[in-house]
Amino acid sequence: MKRALIVASILLTCSVYAQETINYDESMVPTFIIPDMMVCNDGTRVTDVMTWEQKRRPEIMEYFFSQEYGRTRYEKIPVSYEDISRDRKALGGKATCRQVRFVFSNGEKKLEAIAMMMIPNKRKGKVPVFVAYNFKGNHSTVDDPAIEYSPNFGLVKKPDSPDWERGCQKSRWCFEKIIDRGYAVITMCYHDIYPDAHGQEMTDHSIVSLFPDYLERGTFSDAWGAIGAWAWGSSRIVDFLETQKWADLDKIAIMGHSRQGKAALWAGAQDERFKVVISNDSGCSGAAMAKRVFGENVARITRVFDWWFCPAYSFYSDNEAAMPFDQHELIALMAPRHVYVASAQEDRWADPKGEFLATSLASPAFELYGMEGLGTLEWPGIHQPIMHDVGYHIRAGVHDVTDYDWERYMDFCDLCFGR
Ligand code: GCU
């Protein structure tokens with residue numbers, strides 16, 4: 001572990017001084033070897049589900065635990081839920097809007113997070129649910145003044161930030177359309193789980209600080225970072241859903257945008273209660289193939305967002321070719337559940353083509369279960385979604401979450417859930 005850390009710090013220092021070039025030229029994409037996810041580390045070829053589940057899948061998980069997101073802690077952190085409000089007349093009476101405070105405590109220290117739900121009022125039996133973090137607080141998703149500010153928001157936002165404005169990001173949350181199609185949504189501000197900014201103070205306010213090894217973790221090359229923490233938090237939201245009579249636990253989807261798309265994929269890989277895993281524009285260290293080194297790359301992401309990953313990930317700064325794994329293997333970890341990846345045409349930073357490629361290359365894992373992957377290496381046109389057991393679309397426009405995206409996610413979930 002120590003040696004790994006020394007190597008990490010040398011590489012880190014080098015990468016800070018390395019010329020950080022961002023490539024947007026397809027002809028400059030290096031020729032690379034795609035790691036064969038169907039071959040185990042000892043050379044055994046995977047041809048059946050048993051070898052995949054018992055041997056190869058754990059090996060792939062280990063890559064992501066030890067070399068990218070870090071090792072998730074499994075000690076149980078006690079949590080209590082406190083009802084804050086319940087408005088049965090939300091969205092013109094179509095939905096019930098609830099707020100519930102989660103209080104995480106390790107006996108010495110407490111942290112709070114607030115979940116906000118929109119639950120359809122018109123329902124026959126249990127309803128499918130989207131779990132999805134928001135970036136700018138629950139208050140940013142609707143205009144309603146009764147929505148509380150997220151406990152950690154003040155840590156990351158200055159008092160004069162426009163992000164305190166109610167409804168400031170409601171364009172990303174077409175609640176009415178979602179409710180009309182019979183889905184519920186549960187959201188939470190991701191800063192409540194791990195405040196997304198640089199510095200020790202942020203980590204001290206994150207759930208990571210509640211775990212027993214917190215003070216020593218700085219010395220571990222595989223210490224988990226914010227993406228691991230956000231993924232952990234999504235699973236805690238599912239724990240809460242398990243206490244709710246209205247939630248259909250066989251129909252839980254997780255949707256994450258951008259950095260939250262990375263976290264959604266990682267959550268889906270670890271928690272099989274997510275039956276559909278959706279990555280919206282997740283890009284580098286999410287759905288995009290790292291070895292294409294197109295748009296954002298490992299050197300840049302680990303320099304600017306070092307707290308998202310485990311320290312070992314920066315071994316691959318300017319050195320993606322040396323990675324013994326790549327992001328198509330993360331997508332493959334969802335099998336035999338469902339996964340959907342979405343790109344935006346102008347979002348070159350996230351390498352849309354690399355997102356498509358990784359999704360397509362994940363197919364063999366699904367095929368082991370008799371499921372259908374994307375079935376093509378030909379990048380589909382704009383607004384021509386592919387929906388098999390694995391789905392993909394690229395839409396026109398920039399890095400964002402739009403109604404078009406949500407509508408496709410609901411189409412895909414309808415298919416997967418047999419609705
Ligand atoms: C930055 C970052 C991306 C990330 C994005 C986002 O652009 O470089 O990796 O996905 O922010 O979360 O919006």
Can you compute the charge dipole magnitude of the chain about its Cα centre, using +1 on each Lys and Arg Cβ and -1 on each Asp and Glu Cβ, nothing else charged? Give it in debye, rounded to the nearest 20.
1140
If the viscosity is 1.567 mPa s and the temperature 4 °C, what translational diffusion coefficient in µm²/s does Stokes-Einstein give for the chain when Rh comes from Kirkwood over Cα pairs?
60
Using θ = phi - 60° and Karplus 6.51 cos²θ - 1.76 cosθ + 1.60, couplings along the stretch 288-299 (whole Hz; Gly, Pro as x):
7, 5, 5, 6, 6, 6, 10, x, 4, 10, 5, 4
Estimated inter-spin distance, residue 31 and residue 304, nm [label 7 Å along Cα→Cβ]:
3.1
Would you mind estimating how fast the stretch 309-419 diffuses translationally, via Stokes-Einstein at 37 °C and 0.692 mPa s with the Kirkwood radius over Cα pairs, in µm²/s?
219
Which cross-chain or sequence-distant (5 or more) residues have an amide H under 5 Å from the amide H of residue 394, H modelled 1.01 Å from N in plane?
343, 383, 384
Per residue, accessible area of the stretch 192-267 with a 1.4 Å probe, heavy atoms of protein chains only, in Å², comes to 29
Per the C-alpha gyration tensor (a ≥ b ≥ c, the square roots of its eigenvalues), the stretch 139-267 is rounded if a/c is under 1.5, else prolate if a/b beats b/c, else oblate; here it's oblate
Among residues other than residue 273 whose Cβ falls under 15 Å from its Cβ, what is the net charge (Lys/Arg +1, Asp/Glu -1)?
-1
Protein accessible area in the chain, 1.4 Å probe - carbon and sulfur %
53
What is the distance, in nm, between label points placed 7 Å from the Cα along the Cα-to-Cβ direction at residue 146 and at residue 48?
5.7
Return the ratio Rg/(2.2 N^0.38 Å) for the stretch 76-117, where Rg is computed over Cα atoms only.
1.47
May I ask you to list the trypsin sites (Lys or Arg not before Pro) in the stretch 193-265 that are in a DSSP loop and have at most 11 other Cβ atoms within 10 Å of their Cβ?
245
What do you get when you divide the Cα radius of gyration of the stretch 323-385 by 2.2 N^0.38 Å, with N the number of residues?
1.12
List the GluC sites (Glu not before Pro) within the stretch 344-419 that fall in a DSSP loop (any state other than H, G, I, E or B) and whose Cβ has at most 15 other Cβ atoms within 10 Å.
346, 372, 378
For the stretch 162-212 the GluC sites (Glu not before Pro) that pass both the DSSP coil test and the at-most-16 other-Cβ-within-10 Å test are 165
About its Cα centre, what dipole magnitude does the stretch 345-419 give when the only charges are +1 on Lys and Arg Cβ and -1 on Asp and Glu Cβ, stated in debye to the nearest 20?
100
Just for the stretch 328-419, what percent of DSSP beta bridges are antiparallel, to the closest 5?
25
Less than 13 Å from a label point 7 Å out along the Cα-to-Cβ axis of residue 23: which backbone N atoms in the stretch 306-336 qualify, by residue?
318-322
With all pairs of different alpha carbon atoms counted, what Kirkwood hydrodynamic radius in Å does the stretch 124-180 show?
12.6
Probe 1.4 Å, accessible area per residue of the stretch 284-374, Å²
25
Could you tell me the calculated FRET efficiency between residue 204 and residue 378, based on Cβ-Cβ distance and R0 = 56 angstrom, to the nearest 0.05?
0.70
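The values are calculated or read from the model by the stated rules, or taken from the named source; none is laboratory data. As the structure is a prediction and not an experimental result, all values here were calculated from the model. Here Cβ is always computed from backbone atoms with ideal geometry, including for glycine, and neighbour counts include all displayed protein chains. Note: accessible area is taken over every heavy atom of the protein model, side chains too, but ligands, DNA and RNA are not part of it. Shrake-Rupley method; radii C 1.70, N 1.55, O 1.52, S 1.80 Å.
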